[in-house]
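Notes for the one structure printed next.
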Amino acid sequence: MTHSIRRKSKAEPAPPTTLFLFGAHGDLVKRLLVPALYNLKRNGLLGEGLRIIGVDHNAISDEGFAQKLEDFIQSEMAGKGDHTLDPVVWSKLAKGISYVQGDFLDDSTYQALAAKIADSGTGNAVFYLATAPRFFSEVARRLGAAGLLKETPEAFRRVVIEKPFGSDLQTAEALNACLLKVMTEKQIYRIDHYLGKETVQNILVSRFSNSLFEAFWNNHYIDHVQITAAETVGVETRGSFYEHTGALRDMVPNHLFQLLAMVAMEPPAAFGADAVRGEKAKVVGAIRPWTVEEARTNSVRGQYVAGEIGGKALPGYRQEDKVAPDSNTETYVALKVMIDNWRWVGVPFYLRTGKRMSVRDTEIVICFKPAPYAQFRDTEVDELQPTYLRIQIQPNEGMWFDLLAKRPGQALKMDNIELGFAYKDFFEMQPSTGYETLIYDCLTGDQTLFQRADNIENGWRAVQPFLDAWQQDSSMQSYPAGENGPKAGEELLIRDGRVWHRLG
Ligand code: BG6
């Protein structure tokens, strides 16, 4: 039996499986997972044998649960202007939906799950822990104790978990150890939803299927790399979660490092789970571990105060719901990291992320070294500007080269021009929650887009010096909502003779 296969060139319907959704009444299930399952069903990627079983402590009948999901999706889709729910597709999916009421910490819940598998007609099962992180170890341990994680040549058993995978290196190691006591790495699907984004997956395809990229993808031609995830949203209803998390833990060891890994990894020997994840773990493991002092000077923490976005007045972070009035949690972070390997030595990677910034913009900017100026010495060109490759993950997915061209006219003058590719101009974009590929890959046993234990731990290892430095010195910069972070975030680059690429 092979549970880890190479990425498919043609998508076949997923095999019969019982999919348990722990935390069935939560937002993740309603907003993202079930709509993604519906999209997969509509695209013919779920076979007849998929059964979806909600697991949670609230009482509700099977029909009531299916109806609740349907109502929610109807309103979500209407809200987003997507297609209306196709009743034929939905009824086929709904036929397989049922519900188990149970406490995650009660052994009898797991007996009920075993009974469900026993009468499913297939031994294949996926346990999706869409729960608060404090339940990850507890549920995994109980699944193991109930014998539900035992695989046979005919039947797979898989567990899906979502970030946060721990809150520092020590807790991440403890979580991995706990999971690996009751299952093998091949059974664990750690989701980072950034890897479900088309443009993120496209980074690998662009780099490794177009040979021209490799020629300049190194420290001879690249001056530095910027990775930004700017959001206009604040902490919304998640104040109590965010208070203990902050921008660094929430975004850096996971989403931003995934982007860094996609840009910086070596070509894998094959486009399969082991090879791709091995290279990603290696490059994240090569991030230079700063001393505490270096971490302090190479990081900026910020928190938004009242401001406005698009003419709308917005409160400061400390005035948000479930946030302490004297909170010292950062909502913005900017970092400089170095990768100590042959390809990247001397090339800084600047990372920043923040809430309540001026625009929503997740992008990677590869900044090339300026060409030698020699040929233009006796012309009106003062100096050659650096050129860029901008990979925009969202909202306008695509890639653009920002190059120099001659301005028409008799004098030799240059201007910036753009060579670009926007996804929407080339491909028909299907409505998607971003979870379709991840769920499908899990059902078909492809771990390429999921995080391996070493990848997670290497990420925390690189972030730990910043956490340690802030433990000693937790000084905070402020920025008004609607601006792009504090001044110190700009200075992190200015002191190196560089500037952040303009957002938006
Ligand atoms: C989540 C974070 O993992 O990613 C959120 O917990 C953040 O705070 C979100 O808003 C960003 O995701 P996306 O897909 O909107 O960029």
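Readers should treat all values here as calculations from the given coordinates under stated rules, not as data from a laboratory. Every value quoted in this text rests on a predicted model; they were computed, and no experiment measured them. Positions of Cβ are generated from backbone atoms using ideal geometry, with glycine treated the same way; all protein chains shown enter the neighbour counts.
Miscellaneous remarks
- Prolate/oblate/rounded call for region 410-504, Cα gyration tensor, a/c under 1.5 rounded: oblate
- Candidate aspartates and glutamates - alpha carbon under 14 Å from K406, same-chain residues fewer than 8 apart omitted: E380, D382, E383, D415, E418
- Of the chymotrypsin sites (Phe, Trp or Tyr not before Pro) found in region 421-491, those that fall in a DSSP loop while having at most 10 other beta-carbon atoms within 10 Å are F427.
- Partners for K116 among aspartates and glutamates (Cα-Cα distance below 19 Å; same-chain residues under 8 apart left out): E48, D56, D62, E63, D103, D106, D107, E151, E154
- In this structure, the pairs whose alpha-carbon distance is over 19 Å, taken from K41/K92; K30/K95; K95/K150; K312/K487; K197/K282, are K95/K150; K312/K487; K197/K282.
- The order of R495, R390, going from fewest to most other C-beta atoms within 10 Å of their C-beta, is R495, R390.
- Of the GluC sites (Glu not before Pro) in region 341-391, those whose Cβ has at most 16 other Cβ within 10 Å and which sit in DSSP loop: E380, E383
- Near the amide H of R158, within less than 5 Å, lie the amide hydrogens of A125, V126, F127, all on another chain or at least 5 residues away, with H placed in the peptide plane.
- Its convex hull of Cα atoms gives the chain a direction-averaged projected area, equal to a quarter of the hull surface, of 25.7 nm².
- Rounded, prolate or oblate (a/c below 1.5 giving rounded, otherwise prolate when a/b exceeds b/c) for region 18-162 by Cα gyration tensor: prolate
- Loop-located GluC sites (Glu not before Pro) in region 406-454 whose Cβ has at most 11 other Cβ within 10 Å (DSSP): E428
- Taking the Cα centre of region 310-460 as reference, the dipole from Cβ charges on Lys and Arg (+1) and Asp and Glu (-1) amounts to some 420 debye.
- Per-residue Cβ neighbour counts within 10 Å put W217, W344 in the sequence W217, W344, beginning with the fewest.
- Under the convention that each Lys and Arg Cβ holds +1 and each Asp and Glu Cβ holds -1, the size of the dipole of the chain around its Cα centre is about 580 debye.
- Look at R42, R407 and count the other Cβ atoms within 10 Å of each Cβ; fewest to most, that gives R407, R42.
- Relative contact order [Cα under 8 Å, 6+ residues apart], the chain, whole percent: 19 percent
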